[in-house]
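Engineer: So that we are looking at the same thing, I have put the structure below in C-alpha cells.
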Amino acid sequence: HAKNHGGNRYRYFTEDMNAVVIERLEIENELRKAIERNEFELHYQPQYELPERKMIGVEALIRWNHPEIGRLPPERFIHIAEETGLIVPIGNWVLREACRTNADWQRQGFDPFRVAVNVSVVQFMESDFVQQVSLILEETGLEPRWLELELTESIFMKDHKRVGMQLTELRNLGVTIAIDDFGNGYSSMSYLQRLPVDCLKIDQSFIQDLENRKSDSERSKTLIKAFVNLASNLGVKLLAEGVETQEQSQVLNEMGCRLGQGFLYNFPMTADEIESICKKENRSLNLGMNEQRG
Ligand code: C2E
Ligand code: MG
Ligand code: MG
Ligand code: MG
C-alpha cells in the first residue's frame with residue numbers, strides 16, 4: 001500500500017494520529033458508562049512478611065472488563081480518567097469495593113490483614129477526599145487500620161501545607177499511608193521527614209535492576225541499602241515491589257528489606273482466590289475452632 005500512495009508520509013501520520021484520537025475518545029466515552037454498567041473489577045495481590053511468607057496485606061488493582069474491547073489494564077485508562085476527572089468517581093468505587101471486600105473477609109473470620117488502595121493525586125487533591133474516605137469506612141464497617149492508601153511521590157509537588165494537613169487527618173482517622181513507586185519520582189528527604197507516612201514501597205525498577213548488568217546491580221544494591229537505612233531511621237516500613245525471582249528475594253532479605261510483593265510470591269488474583277488462600281493457610285480462627293469442637 002505504501003507504494004500506491006507514493007510514500008506520502010504525511011497522510012500516514014494523520015491517519016495514525018486520528019486512530020490515537022479516536023481510541024482516546026472512545027475510551028473516554030466508554031469510561032463514563034463503565035461504573036453504572038459494573039464493568040470494573042478489583043484484583044488483589046498479596047504482600048508478605050519475609051522470609052516466613054506471612055501475608056500481611058493485599059494491594060487492590062483495578063481491571064476494566066469492557067464487553068467489546070475486552071479486559072483493559074490500568075495503563076490503558078487511568079491517565080485518561082485522571083485528565084477527565086473521572087478518576088474521582090472511579091477512585092471512590094475502588095475504595096468502597098476494596099473496603100467492603102476486606103470487611104467481608106474479616107466477617108468470615110480470617111485473620112485480618114490490610115487492603116492497600118492506589119489513590120491518584122487528582123483524587124487526593126479533591127477538597128472532600130478525607131471525608132469520602134471516612135464515609136466509605138463507616139459505610140463498609142472496615143476499621144481504618146485495615147486500610148492503607150498508596151500515593152506516589154507526585155504529592156510532594158503539591159501544596160505541602162495542604163498535603164501535610166490531609167495526611168495528618170487521614171492518619172488521625174487511623175488509616176495508614178504508603179509511598180508507591182518510591183525512588184522513581186521526585187522525593188526530598190525533608191518532605192519525608194515532615195510528612196507523616198507509614199511505608200515506602202521501593203519501585204520495581206530497583207528490584208529488576210538487581211539482575212541486570214553487574215554495574216546496574218551494584219548501583220541498585222547501593223540504593224536499596226540506602227532505602228533500608230532511610231526507612232529504619234524514619235521508623236517507617238519498607239516493602240519491595242515487583243519481586244520476580246528467588247535471587248532477588250534472597251538479596252533483599254540479606255539487605256534487611258523484610259516486606260515483599262511480586263510475581264515470585266503471587267500474581268494479582270480475584271477476591272475468591274484470596275479467600276481460598278486464606279482458607280488453605282488456615283487463617284480462619286473461627287473455622288479452626290469449629291473444627292476442633294467437631
Ligand atoms: P502500582 O500501584 O505500582 O502496582 C504494581 C503493578 O505491578 C501492578 O500492575 C501489578 O500487577 C504489577 N506487578 C506486581 N508484581 C509484579 C512483578 O513481580 N513484576 C512485574 N513486572 N509487575 C508486577 P497493574 O495492576 O497493571 O497496575 C499498574 C498501575 O496502575 C499501578 O501501579 C497503579 O499505579 C495503577 N493502578 C492500578 N489500580 C489502580 C486504582 O485502583 N486506582 C489508581 N488510581 N491507579 C491504579
Ligand atoms: Mg500501588
Ligand atoms: Mg508501585
Ligand atoms: Mg506504578
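Engineer: In segment 13-38, what residues are surrounded by 14 or more Cβ atoms within 10 Å (Cβ to Cβ) and aliphatic (A, V, I, L, M)?
Structural biologist: Listed by number, the residues that qualify are Ile27, Leu31, Ala34, Ile35.
Engineer: If you scan segment 221-255, which residues turn out to be within 15 Å of ligand 1 (Cβ to nearest atom) and hydroxyl-bearing (Ser, Thr, Tyr)?
Structural biologist: Result: Thr245, Ser249.
Engineer: Six or more apart or on different chains, Cβ under 7 Å: which pairs go from a residue in segment 201-224 that's within 30 Å of Thr176 (Cα to Cα) to one that's hydrophobic (A, V, I, L, M, F, W, C) and open to solvent by 40 Å² or more (accessible area, probe 1.4 Å)? Could you list them?
Structural biologist: Final answer for the pair search is Phe206/Leu223.
Engineer: Could you list, in sequence order, the residues of segment 199-225 that are out of contact with any Gly (no Cβ under 9 Å at 6 or more places or on another chain), within 21 Å of Gln261 (Cβ to Cβ) and surrounded by fewer than 18 Cβ atoms within 10 Å (Cβ to Cβ)?
Structural biologist: Across segment 199-225, the qualifying residues are Glu211, Asn212, Ser217, Lys221.
Engineer: Given (1) open to solvent by 30 Å² or more (accessible area, probe 1.4 Å); (2) within 30 Å of Met255 (Cα to Cα), identify the lone condition not met by Glu41.
Structural biologist: Of everything listed in (1) open to solvent by 30 Å² or more (accessible area, probe 1.4 Å); (2) within 30 Å of Met255 (Cα to Cα), Glu41 misses just condition (2).
Engineer: Would you mention how many residues in segment 82-100 are more than 30 Å from Lys280 (Cβ to Cβ), touching a residue at least 40 places away in the same chain (Cβ under 8 Å) and more than 10 Å from ligand 1 (Cβ to nearest atom)?
Structural biologist: Total meeting the criteria: 4.
Engineer: Taking Leu192 as the residue in question, decide whether it is among the aliphatic types (A, V, I, L, M), part of a helix (DSSP H, G or I) and over 20 Å from Leu50 (Cα atoms).
Structural biologist: Yes: the conditions hold for Leu192.
Engineer: Let me ask something additional. Scan segment 201-227 residue by residue and report those that are more than 16 Å from ligand 2 (Cβ to nearest atom), outside any helix (DSSP H, G or I) and among the basic types (Lys, Arg).
Structural biologist: Result: Arg213, single match.
Engineer: While we're looking at this one, here's another question. Filter segment 233-250 down to residues that are farther than 15 Å from Ile179 by Cα and open to solvent by 20 Å² or more (accessible area, probe 1.4 Å) and give me whichever is nearest to the chain's Cα centre (by Cα).
Structural biologist: For segment 233-250, the residue satisfying everything is Glu244.
Engineer: Quick one: how many residues across segment 55-81 are of a type in the set (D, E, K, R) and surrounded by 13 or more Cβ atoms within 10 Å (Cβ to Cβ)?
Structural biologist: 3
Engineer: Can you find a residue that is surrounded by fewer than 18 Cβ atoms within 10 Å (Cβ to Cβ) and more than 27 Å from Asn184 (Cβ to Cβ) anywhere in segment 116-126?
Structural biologist: Within segment 116-126, none of the residues are surrounded by fewer than 18 Cβ atoms within 10 Å (Cβ to Cβ) and more than 27 Å from Asn184 (Cβ to Cβ).
Engineer: Hey, can you tell me all the residues within segment 31-58 that are in contact with a Leu (Cβ under 9 Å, 6 or more places away or on another chain) and part of a helix (DSSP H, G or I)?
Structural biologist: Hits for segment 31-58 are Leu31, Arg32, Ala34.
Engineer: Test Thr140 against the stated conditions and say whether it is at negative phi, within 16 Å of ligand 2 (Cβ to nearest atom), in contact (Cβ under 8 Å) with a residue 24 or more places away in the chain and among the β-branched types (Val, Ile, Thr).
Structural biologist: It is false that Thr140 is at negative phi, within 16 Å of ligand 2 (Cβ to nearest atom), in contact (Cβ under 8 Å) with a residue 24 or more places away in the chain and among the β-branched types (Val, Ile, Thr).
Engineer: Which of the residues belonging to segment 44-54 are over 18 Å from Glu275 (Cα atoms) and open to solvent by less than 70 Å² (accessible area, probe 1.4 Å)?
Structural biologist: Leu50
Engineer: Going residue by residue through segment 155-177, is there one that turns out to be surrounded by 13 or more Cβ atoms within 10 Å (Cβ to Cβ) and part of a strand (DSSP E or B)?
Structural biologist: The answer is yes, given that some residue of segment 155-177 is surrounded by 13 or more Cβ atoms within 10 Å (Cβ to Cβ) and part of a strand (DSSP E or B).
Engineer: Taking Val130 as meeting all but one of (1) surrounded by 19 or more Cβ atoms within 10 Å (Cβ to Cβ); (2) not in a helix (DSSP H, G or I), write down the number of the exception.
Structural biologist: Failed condition: (2).
Engineer: Among the residues of segment 101-115 satisfying the criterion of being outside any loop (DSSP other than H, G, I, E, B) and crowded, with 17+ Cβ neighbours inside 10 Å, which is farthest from ligand 1 (Cβ to nearest atom)?
Structural biologist: Checking each candidate, the answer is Phe110.
The values are calculated or read from the model by the stated rules, or taken from the named source; none is laboratory data. Since the model is a prediction, treat every value here as computed from it, not as a measurement. Counting neighbours? That spans all protein chains shown, and the Cβs are built from the backbone with ideal geometry, glycine included. These accessible areas exclude ligands, DNA and RNA; they are computed on the full protein's heavy atoms, side chains included. Shrake-Rupley method; radii C 1.70, N 1.55, O 1.52, S 1.80 Å.
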